[in-house]
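Working notes, beginning with the structure itself.
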Amino acid sequence: MVEVTWLLFIVASLVLIVTPGQDMILVMSRSIAQGAAAGVATAAGVSVGLVGHTVLATLGLGALLRTSEWLFLALKLVGAAYLVYLGIQLLRAQKQELAMSAVAPRPLWRLFLDGALSNISNPKIAVFYFAFLPQFVLPGAAHPTLGIFVLGLAFAALTFMVKGPVGLGAGLLSGWLRSRPRVLAWIYRTSGAVLIGLGLKLAFERRA
């Protein structure tokens with residue numbers, strides 16, 4: 001039996017998930033560029049990345065990252081570089097062919113991979129998981145590790161339940177946006193700048 005405080009966990013998780021961040025920006029930008037399926041695929045990738053963090057947290061990588069400065073720095077720089085790369089892609093895309101008829105769509109598996117990698121390469125999430133999840137395991141639980149694992153999977157599922165519909169909704173607007181290159185250019189420019197900014201913030205952020 002999993003001994004956790006489910007109600008408090010779900011409320012706290014939903015508050016964190018709906019807060020805009022790099023994952024939300026990535027899902028919306030992909031959805032606007034290629035339609036609802038692209039946004040949902042990216043959201044699925046983000047959620048799978050969280051499953052990866054669940055496994056790592058269960059194995060104790062969060063604790064290792066808290067004690068190993070070089071490992072934390074290495075993973076942080078990889079995650080930051082990937083966010084900057086995604087941001088530059090958005091900036092370049094909006095400058096090239098915003099008529100949208102000539103922009104080559106990325107395959108869904110690639111969008112799924114983008115979502116997963118942008119998430120799994122962020123060590124701050126691993127540390128967050130390690131600090132956040134145990135708070136909802138009841139004191140004296142017989143199997144606390146199992147509780148952390150189940151909570152991590154639940155957080156990943158809640159993430160998809162929120163960000164999947166966000167991708168779907170943004171995708172429904174993609175046709176309207178594609179007929180308005182100036183609006184689309186502004187969205188691409190803003191999204192790209194935000195992702196680059198988040199990448200730089202991650203790169204220079206001091207660990208807690």
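Listing for the model above:
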| quantity | calculated |
| --- | --- |
| Counted residues, the range 1-35 - those being over 13 Å from the mean Cα position of the chain (by Cα) and crowded, with 19+ Cβ neighbours inside 10 Å | 8 |
| Residue in the range 100-118 that is more than 16 Å from Met24 (Cβ to Cβ), at pLDDT below 75 and of a type outside the set (A, V, I, L, M) present | yes |
| Leading residue by the ranking (surrounded by the fewest Cβ atoms within 10 Å (Cβ to Cβ)) among those in the range 118-157 that are part of a helix (DSSP H, G or I) and β-branched (Val, Ile, Thr) | Thr145 |
| Unmet criterion (only one of (1) of a type in the set (A, V, I, L, M); (2) over 30 Å from Ala33 (Cβ atoms); (3) modelled with pLDDT of 75 or more; (4) surrounded by fewer than 20 Cβ atoms within 10 Å (Cβ to Cβ)) for Leu64 | (3) |
| Number of the condition not met by Leu168 [criteria: (1) at pLDDT below 80; (2) at negative phi] | (1) |
| Test: residue in the range 127-148 that is within 14 Å of the chain's Cα centre (by Cα), of a type in the set (Val, Ile, Thr) and modelled with pLDDT of 80 or more | no |
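The values are calculated or read from the model by the stated rules, or taken from the named source; none is laboratory data. Note that this is a predicted model, so its numbers are computed, not measured. All Cβ positions, glycine included, derive from the backbone under ideal geometry; neighbour counts span all protein chains shown.
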